[in-house]
Every structure is written in structure tokens, then in C-alpha cells.
Amino acid sequence: MPMSSAPSATLLDRVRVVLVQTSHPGNIGAAARAMRVMGLKDLRLVAPRAALHVRDALKMAHPCEATLLQAQPYATLDDALVDIDFALATSGKIRGALDTEPLDIERARLLWPADDQRIALVFGNERTGLAATDAERCDRILRLPTPG
């Protein structure tokens with residue numbers, strides 16, 4: 001069965017983006033802008049190392065400041081995932097320490113839950129990515145190829 005090229009509005013409404021320990025406010029703002037352009041609205045920040053409402057964050061979020069201003073902070077990843085049905089840890093590299101095989105986006109989409117369930121895409125910080133201990137709190141690993 002062929003997949004449609006664009007996700008349905010209901011799918012986008014169910015996706016949450018979770019950033020773990022983001023260290024630069026501009027990156028939080030840029031993520032908010034990218035999310036809004038893609039039709040995503042729910043940004044969750046786990047123990048951010050950067051303030052949300054500083055000039056760099058707002059500048060990078062422009063003209064999508066609403067997504068940034070509505071972002072919810074959480075103390076832990078477990079707190080951010082409490083209402084999530086299926087969490088995907090993102091990784092640019094395959095981590096040998098984890099015992100589950102990373103999925104590509106097409107295989108991950110086949111596993112996504114029913115239409116009424118919430119999905120989280122979990123990203124690590126800029127310097128080191130998502131820690132293995134955080135990835136293990138997710139249901140599966142989504143491999144996003146990155147240069148380098």
C-alpha cells in the first residue's frame with residue numbers, strides 16, 4: 001500500500017517534539033520555527049539549559065513565536081512522555097549500546113499507533129545528542145542520517 005506524500009492533519013496534531021537539555025536559545029527558537037512550518041505545534045523542553053524568552057530564541061522563532069511561547073518545560077524526560085503512547089528517540093548514528101535496531105522513517109511510520117494516540121520525537125542536545133539512558137526510555141530509535 002503506497003504512503004501518501006504528506007501526513008494528514010490528524011497525524012500532525014498527534015506529534016510532539018521533545019528537546020532534551022538544549023543549550024542554546026537560538027536552537028530552541030529555530031526548532032519552534034521549523035515545527036510550525038511543518039505543521040507541528042507541541043514543543044516540549046526537558047531541562048533546557050537555555051532560557052526560552054531571550055532575544056536569540058524569539059529572533060530564531062520569527063515569525064512563529066507562538067510555538068515557542070507555548071512550549072512546555074519539563075524537569076525530566078519521563079515527565080515529558082507521561083501522556084505519550086509511542087516515543088521515538090532520534091539518533092544520527094547507530095548506538096551499539098542499545099539492543100534495539102534503529103528504524104528508518106518509513107519503517108517507523110508502519111509502527112506508529114492508532115489515530116487517537118500521541119507520538120513523540122525525542123531529540124538530544126546540540127553537543128552530544130540524545131543520551132543512551134534517555135533513548136532507552138523511548139519505545140524505539142529512529143535513525144536520522146546526519147553528515148559527519
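The values are calculated or read from the model by the stated rules, or taken from the named source; none is laboratory data. Computed from a predicted structure; not experimentally measured. When we count neighbours, we look across all protein chains shown, and the Cβ atoms used for this are built from the backbone with ideal geometry, even at glycine. Just so you know, the surface numbers come from the protein's heavy atoms only, side chains and all, with ligands and any DNA or RNA stripped out. Shrake-Rupley method; radii C 1.70, N 1.55, O 1.52, S 1.80 Å.
In summary, strands (runs of 3 or more DSSP E) completely within the range 75-148 and bearing 1 or more residues that are open to solvent by less than 80 Å² (accessible area, probe 1.4 Å) and modelled with pLDDT of 90 or more occur at 86-91, 119-123. Consider only pairs whose beta carbons are under 8 Å apart and that are at least six residues apart or on different chains; among these, list those whose first residue lies in the range 32-51 and is touching a residue at least 60 places away in the same chain (Cβ under 8 Å) and open to solvent by 10 Å² or more (accessible area, probe 1.4 Å) and whose second residue is assigned to a loop (DSSP other than H, G, I, E, B) and of a type in the set (Val, Ile, Thr). Filtered contacts from the range 32-51: Arg49/Thr22. Quick one: would you say Arg33 is in a helix (DSSP H, G or I) and at pLDDT below 80? Here the answer is no, as Arg33 does not meet what is asked.
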